[in-house]
Amino acid sequence: MISAVNLLLEFGERALFNEISFRVGPHDRIGLVGSNGTGKSTLLRILVGEMAADKGEIAKAKYVSVGYLPQEGMSAAGRTLYGEVESVFAEVIGTQTALDEIHRRMGEIDHESAEFAELLEVYGELQHRLESSDAFRIKTGIEKVLVGLGFRESDFGRQTDEFSGGWQMRIALAKLLLAQPSLLLLDEPTNHLDLDSLRWLEDYLRSYEGAVIIVSHDRRFLDNMTGKTYELSMGTLTEYAGNFTYYITEKAVRRAQQIAAQRNQQQQIKQTEQFIERFRYKATKARQVQSRIKQLEKLDLIEIEDEEGGIHFAFPPAPQSGRVVMELKGIRKSYGGLKVFDGISFDIDRGDRIAFVGVNGAGKSTLARILAGIEPFDAGERVVGHNVTISYFAQHQAEELNPAYDVLQTVEEVATGDIRRRLRTLLGCFLFSGDDVFKKVRVLSGGEKSRLALAKMLLHPSNLIVMDEPTNHLDMRSKGVLQDALAGYEGSFVIVSHDRDFLDPIVTKVVEFRRGGIRTYPGNVSEYIDARGREQQGSAPPAQGKSSSGPGSERERKRLEAEERQKRYRKTGPLRKRIGALEGELDEMEKEKAEVSRQLADPEVYRDGERVKTLHARYKELEKVLADGYFRWNALTKELEEMKSAGDSLRSSR
């Protein structure tokens, strides 16, 4: 459908693309990945025609259309929301207008005239064109997409310039989805979507008839949406025949092979150089020496990309707080005539790890600000627990940084203790490397300022962290660093986010926001989604209600939840022990397999034929045993899930 052939793009002496080539098929679902600065967004802009490569071409069939959603810079004004989205169908609407005009004209002239016959023929042609374009389904399609992306029917008549940047992105996305280009290019489409809109988009794209290329730092989204991965690295593009998880696994295998090949090549180079040095001045070996010199000159050196792992960050020790970290009692909050909270109550206990999820506009960020103590409320009580210190992060805090400071000075101002010696390492976690740490704050982009504000916040000793969309401007490595740090954090935290892959390993409670109140679900986001699904199917009791009946009922709910978890834990204990033991065995075998693989990659091993045979035999044996082990592990985990589901069904029938 569309092909890129030998694309070359250079910036100074650096080749961003070094004659890369690839093809996009009619129904491909491709994840475009790579470190920041490898050219992902640039490649999308070349595909859509906004930029041109220095060399090479984009070849596509005449019928192919390309639609592009950039990360930022989208704005619409001058129309209502509905009118703006409807403009995608300008040609169809023009046809309908022409039909109406012809129909009016035909009612005014003699039906026996030549003009009437001519108008009748044109009318029939336009009517056929209108029917083939599914014009009668336009209204239904527009409403479906707008509601799916989180707009309310009451928004349809609002002017587009009333909507904020995140909603402007949704308007642009709605227009793209309705236009249905042959190739859809999405650059970070999940940044401003809530969880419901994100799940709707996944469902929509699964049935999308065209091809899709996605740039995203949301690993779960890539896994759910893509069946092929293109990686940009060191000026080259490498194709992987699977989703992001497959790419990570396969890349590790290829890297091990590259390292082995590079080691062999370096050994060959060393031996060749030793030969040249030894016989350089011996006349009888002159021809052989020259031959080897030419071999070295023609040799393509194997280059391996620097590993991005190994960077870790730990929060400063959290001061010990009381058992109850914070209590909100009967909170009421309105903005003008818009009532956000009408008497909600909410507790945070020591050690709570909470995710705030729900539709945009339901009050997640507002409650986060109330928790942080920076948002006033109309009525109710906010009680901060003993010795509680709060750190708060939101995107707007980036604008509060001192513009006269550079990046390093900004974090030096707040850092204390041993971390001061590792500030540049910390900044590297958040994509400030080399001379970037000496950039003045005033010249940083919006995304860079947000990352710097986040790094600065993390250096404050605290025992309650409140974060509003902390991952929006982070790449996967940075998110991993933050995720690991939160996993080891000693205090409590509340995170407003829709990033399931980021939240799942670290949260133990999900608070869902719906217009008018909040509901609490135990477990992580995936477990919350499952519970919601069972509720909608009527096979599970609803989660605890609005949390608006005071702290007493909240504590009782927690007690009942704890008792239920203990019962489930005792019932599934023996099976979980078997799974744990098997996982330990598999882990040991994986380590042994990795060690055998490492030995087989060592050129010295191949001097001993018997040893090579033994290693190969052991490697094959381990592969077979591991395959059997993983089969048993899958069966046991499935049995465990069935036991849990049976328990859920039993509870719902009581």
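What follows is calculated from the coordinates using simple rules that are stated; it is not laboratory data. Remember, it's a predicted structure, so these values are computed and weren't measured experimentally. Here the Cβ positions follow ideal geometry from the backbone for every residue, glycine too, while neighbour counts run over all protein chains shown.
Quick notes on this structure:
- Karplus 3J(HN,Hα) series, Hz, for the range 72-81 with 6.51 cos²θ - 1.76 cosθ + 1.60 (x for Gly, Pro): 8, x, 8, 7, 10, 7, x, 9, 6, 4
- The chymotrypsin sites (Phe, Trp or Tyr not before Pro) found in the range 232-299 that occupy coil by DSSP, while having at most 11 further C-beta atoms within 10 Å, are Tyr281.
- Two-site FRET efficiency, Leu8 against Gln320, from Cβ-Cβ distance with R₀ of 41 Å, rounded to 0.05: 0.10
- Computed over the range 249-298, the alpha-carbon pair-distance distribution with 10 angstrom bins reads 25, 36, 20, 13, 5, 0, each value a whole percent.
- Inter-part distance where the range 140-178 and the range 458-472 are each reduced to a Cα centre, Å: 31
- Within-14-Å neighbourhood charge of Glu375 [Cβ basis; K, R +1; D, E -1]: +3
- If the chain linking Leu640 and Ala52 were pulled fully straight, counting 0.36 nm for each residue of separation and taking away their Cα-Cα distance, it would gain 206.2 nm.
- Structure-derived Rg and Dmax of the Cα atoms in Å: which label, when the choices are (i) 27.3, 83; (ii) 30.4, 108; (iii) 27.9, 91: (ii)
- Applying the criteria of a DSSP loop state and at most 12 other Cβ atoms within 10 Å to the trypsin sites (Lys or Arg not before Pro) of the range 1-94 yields Lys62.
- With a simple spin-label model that places each label point 7 Å from the Cα along the Cα-to-Cβ direction, the separation between Arg280 and Ser164 comes to 6.8 nm.
- Cα→Cβ-extended label distance, 7 Å offset, between Gln71 and Glu250, nm: 2.6
- Most simply put, the chain has about 55% antiparallel DSSP beta bridges, counting only bridges with both residues inside it.
- Inter-label distance for Ala581 and Tyr208, nm, one decimal - labels placed 7 Å from Cα along Cα-to-Cβ: 4.9
- All other residues whose Cβ lies under 12 angstrom from that of Glu273 are scored, Lys and Arg at +1 and Asp and Glu at -1, for a net of +3.
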